[in-house]
Amino acid sequence: MSAQSSGRDRVQARAAARKLLVQALYQWQLARQPAAELAAQYELAPEFARADREYFRTALAAIPAEFAGLDAELARHSDIEPARLDPVEHAILVLGLWELMARPEIPCRVVINEGIELAKRFGATDGYRYVNAVLDRASRAHRGAELA
């Protein structure tokens, strides 16, 4: 396997993990199931075999535990109160914020692009525009040096 192929596989596995994370975070917002229960449930899904398992587990453990802080940060960059957001866009935004704040090895442009693609796939018709605007503002606050 070439380095290019390996890198592409890693990108696809991370994207698959993000897709599952948005679904799990959506479910968590509605039912507040323990993250460990959600992880066990999603690990049984056929698409989990293609996902970056470690990334999924790490994010699903961290995001619900840090949700109040992520929402406070989201409120700084959003013109809509987090509690009033559609749960799908809310899940995408807290995932993106967590990546911007806790995963500096992921380029901010990747975080924004992945958020947009998830919003196009799962969100409201123009939800991707809102996700783009919020993650762009957050990236300037958290990754200004990277953008300079």
Per the filter on the stretch 108-141, residues of a type outside the set (Val, Ile, Thr), over 23 Å from ARG10 (Cβ atoms) and part of a helix (DSSP H, G or I) are GLY127, TYR128, ARG129, TYR130, ASN132, ALA133, ASP136, ARG137, ALA138, ARG140, ALA141
(1) under 23 Å from ALA35 (Cβ atoms); (2) without any contact (Cβ under 8 Å) to a residue 24 or more places away in the chain; (3) in a helix (DSSP H, G or I) all hold for GLU105 apart from (3)
When the stretch 9-43 is examined, which residues are found to be surrounded by 13 or more Cβ atoms within 10 Å (Cβ to Cβ) and of a type in the set (Gly, Ala, Ser)? ALA13, ALA15, ALA16, ALA17, ALA24, ALA35, ALA39
Run down ALA31, ALA35, ALA51, ALA61 and say which single residue is of a type in the set (A, V, I, L, M, F, W, C), modelled with pLDDT under 95, over 16 Å from GLY123 (Cβ atoms) and within 16 Å of the chain's Cα centre (by Cα). ALA35
Go through LEU135, LEU97, LEU85 for me and flag whichever is of a type in the set (A, V, I, L, M), surrounded by 15 or more Cβ atoms within 10 Å (Cβ to Cβ) and over 24 Å from ASP52 (Cβ atoms). LEU85
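The values are calculated or read from the model by the stated rules, or taken from the named source; none is laboratory data. Source: prediction; values computed, not measured. We place every Cβ from the backbone using ideal geometry, glycine too, and count neighbours over all the protein chains shown.
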